[in-house]
Amino acid sequence: MACGCYSEMAGCGLAGIVNRDGKKISGKFIYDSITAMKERGNGMGAGYAAYGIYPDMAEYYAFHVMLDDLDYESEVNAVLNRSFRIVKSEMIPTKSVPSLYKKTKPPYFYRYFVEPRDDARLPMESEEDLVVRVVMTINDRVKGAYVISSGKNMGAFKGVGHPDEIGDFFEIDSYEGYIWLAHTRFPTNTPGWWGGAHPFTLLDWAIVHNGEITSYGTNKRYVEMFGYRCTLLTDTEVAAYLFDLLFRKHRLPIRAVFMAMAAPFWKDIEHYKEVGLEKIYEMAKMIRTVYAPAMLNGPFAMLFAFKDGVIGFNDRIKLRPFVAAEKGDTVYMASEESAIRVICENPDRVWMPKAGEPVIALLNHCKEEDVCYPA
Amino acid sequence: MEVKQIGDGVYEITCGTTHYREVNAKVKELVNAGAQKVILKEVYGQRYIGTGIKGKVKIEVHGTAGNDLGIFLYGPEIEVFGNAQDGVGNTMREGKIVVRGHAGDVCGYGMRGGKVYIEGDVGYRVGIHMKGYKNLVPTFIVGGKAGNFFGEYMAGGVLILLGLNRKPGEDIVGDYCATGMHGGVIYVRGEVPKRYLGKEVKVFEPTLEDMKLLTEELKGFSEAFNIPVDEILSEPFTKIVPVSARPYGRMYAHRWGIAAGLIK
């Protein structure tokens, strides 16, 4: 490898920061946090997601598009133009990081700030549905072009490299956001390519994930019934679409979403009844029955961000590490405690969340019940 | 990384975010040159601290100890002023690890000797596959609470859970406690809900013999964290031992072998 050292087997690493007051944090912090866990990746994928980075363009959808060749830009432009008015389009500034080129030739990154056209929506289609449809069209139909994020006032930056290489490439420290996610990847089952790096996003949902989704086939067939297309050759993508389906389309409350995705065991559901929690018992039973194909099986820790906060959660028997901490209005989540300590020496509280129990860090202006749906 | 000698045979290494390979190589080099004590300052998740060193040296860790602290430990005494991550005392054989804070998942995995004392809580899968043989008997004591799979597949040794920081109504241990256990003993200060216990174990009240062993084992913990043994023993303990030494003996056995009486 480039640094002359070798990487030992490890899992992926993830990190997240949210300032609940909505105060902006420099990308430098998340960069330092994820880089402290470099050991957990093998240089075959890293990425960042940031919220609040385009305050001047906050009312437009920001499409980050990855292009294998610059020539494909005109096709992306044409597809976007059909449904949106393109307010601004530009190449995402990148810096030369020589070590990256030793692995792969980086693709080109474009960003478009767009506004839906009045006549673009199909009957019964909402504005968000339109965005999802266009994302799926570009990913599925435009050769060599992939939408890596499509939310408002947010963006994803990712590629094949170590987190410090990718961070330097996109000049992550020049952005400021109130929510940050980061990931370092150790691909095991699927190829390490630029589109396969985390985070995975759709609208303003973003996900980073450590582990594997062994129920991928079931989940994929389920979301495909609702028009989502899995094109990025890796399991995590399907979780992003599941969130969009359960949260935005079906409008489930936060805890119900997580009860569907990291469902309690049947014996634990029975236990709710035994201890008199009749209502939770009924709810859990219904969710497990109705949303059986939305359950994620396999070992994982996941951070899930949207414009109103970050939610971290584990598989139901905690087969991947996950630590959370808070200091004042800032909540930190990571695979390892040291990755939090490196940017926050003395947190008010550090804890190891239980399996299947989501850590919900919402912005102060949100109440859990009436959160705060995307876009 | 900055190294300085601060006394006779005492060295201090400021680690920062230096790669663990450099830090551990330095520690080994100092010990080989005769160091008695190595103090690691500003530790940010460096892994495998204390591994590959034979002998009675002392290693102090200030900061957050990384994964697999004291893996394969063979003699050294490690004290952590801060929290530890996953895999403390993994496959450890001899020596002592004291953590003045909490520790993560899979601690004491396959441990076969030595002592580990954790002041606070531990995560999931602690003490799984612990084992003992003749006079090699590991002891793992947790001052706080534990997550699921505590002592799963335990084959030997002593695993003690105290829950000293437990709030009323809080579980001391999680689900699947002692599942598949077939050797060793677990002592829990308080009761373990029956639905959390594996089918392969039985619960007993500790005998006088047990109390003697507990008192003996708790001495080290008591000294390390300055908590009187009497205070720890002021609440009743539960003893968990396996019903069978070979719970899975027949699982993959050939039915002819069972019929012929070759496999019991």
For this session: Scan the range B:76-108 for residues that are assigned to a strand (DSSP E or B) and among the β-branched types (Val, Ile, Thr) and report the count.
Result: 5
Exercise. Does the range A:336-357 contain any residue that is more than 9 Å from every other protein chain (Cβ to nearest Cβ), at pLDDT below 95, in contact with a helix residue (DSSP H, G or I) (Cβ under 7 Å, 6 or more places away or on another chain) and crowded, with 19+ Cβ neighbours inside 10 Å?
Worked result: no
Problem set entry | Single residue of the range B:84-114 satisfying the filter (polar (S, T, N, Q) and surrounded by fewer than 24 Cβ atoms within 10 Å (Cβ to Cβ)) that is nearest to the other protein chains (Cβ to nearest Cβ) | B:90
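So that you can scan it fast, the table gives a plain yes or no per residue for (1) in contact with a strand residue (DSSP E or B) (Cβ under 8 Å, 6 or more places away or on another chain); (2) at pLDDT 95 or above; (3) among the charged types (D, E, K, R):
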| residue | (1), (2), (3) |
| --- | --- |
| A:105 | no, no, yes |
| A:111 | yes, yes, yes |
| A:119 | no, no, yes |
| A:131 | yes, yes, no |
| A:138 | yes, yes, no |
| A:147 | yes, yes, no |
| A:152 | yes, yes, yes |
| A:155 | yes, yes, no |
| A:159 | yes, yes, no |
Exercise. Which members of the range B:40-55 meet the condition of being assigned to a strand (DSSP E or B) and either of a type in the set (Gly, Ala, Ser) or more than 30 Å from residue A:346 (Cα to Cα) (or both)?
Worked result: B:54
Exercise. Take the residues of the range A:320-335 that are among the hydrophobic types (A, V, I, L, M, F, W, C) and farther than 19 Å from residue B:120 by Cα: which is farthest from the other protein chains (Cβ to nearest Cβ)?
Worked result: A:331
Exercise. Looking at the range B:212-221, is at least one residue among the β-branched types (Val, Ile, Thr) and at pLDDT 95 or above?
Worked result: yes
Problem set entry | Hits in the range B:50-73 - residues which are crowded, with 21+ Cβ neighbours inside 10 Å and within 12 Å of chain A (Cβ to nearest Cβ) | B:61, B:63, B:64, B:65, B:66, B:67, B:68, B:69
Exercise. Which members of the range B:151-161 meet the condition of being under 16 Å from residue B:238 (Cβ atoms) and either surrounded by fewer than 24 Cβ atoms within 10 Å (Cβ to Cβ) or out of contact with any Gly (no Cβ under 6 Å at 6 or more places or on another chain) (or both)?
Worked result: B:158, B:160, B:161
For this session: Those residues that are on the phi < 0 side of the Ramachandran plot, without any contact (Cβ under 8 Å) to a residue 60 or more places away in the chain and hydrophobic (A, V, I, L, M, F, W, C), I need them from the range A:113-170; list them, please.
Result: A:113, A:114, A:120, A:122, A:130, A:134
Exercise. Hey, among B:106, B:126, B:31, which residue is out of contact with any strand residue (DSSP E or B) (no Cβ under 6 Å at 6 or more places or on another chain), at positive phi and of a type in the set (A, V, I, L, M)?
Worked result: B:106
Seminar exercise, completed: Out of (1) over 27 Å from residue B:125 (Cα atoms); (2) within 14 Å of chain B (Cβ to nearest Cβ); (3) in a helix (DSSP H, G or I), the one residue A:267 does not meet is (1)
For this session: For the range B:25-39, state whether one or more residues are in a strand (DSSP E or B), out of contact with any Leu (no Cβ under 9 Å at 6 or more places or on another chain) and either without any contact (Cβ under 8 Å) to a residue 24 or more places away in the chain or in the same structural domain as residue B:55 (by TED's automatic domain parsing) (or both).
Result: yes
For this session: Would you point out the residue of the range A:303-319, among those that are within 17 Å of the chain's Cα centre (by Cα) and within 14 Å of chain B (Cβ to nearest Cβ), that is surrounded by the fewest Cβ atoms within 10 Å (Cβ to Cβ)?
Result: A:315
Seminar exercise, completed: Note: among B:153, B:196, B:133, B:117, just one is touching a Phe, Trp or Tyr at 6+ places or on another chain (Cβ under 8 Å), more than 13 Å from chain A (Cβ to nearest Cβ) and hydroxyl-bearing (Ser, Thr, Tyr), namely B:117
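The values are calculated or read from the model by the stated rules, or taken from the named source; none is laboratory data. Just so we're clear, the structure is a prediction, and the values are computed from it rather than from any experiment. Note that we place each Cβ from the backbone using ideal geometry, even for glycine, and neighbour counts take in every protein chain shown.
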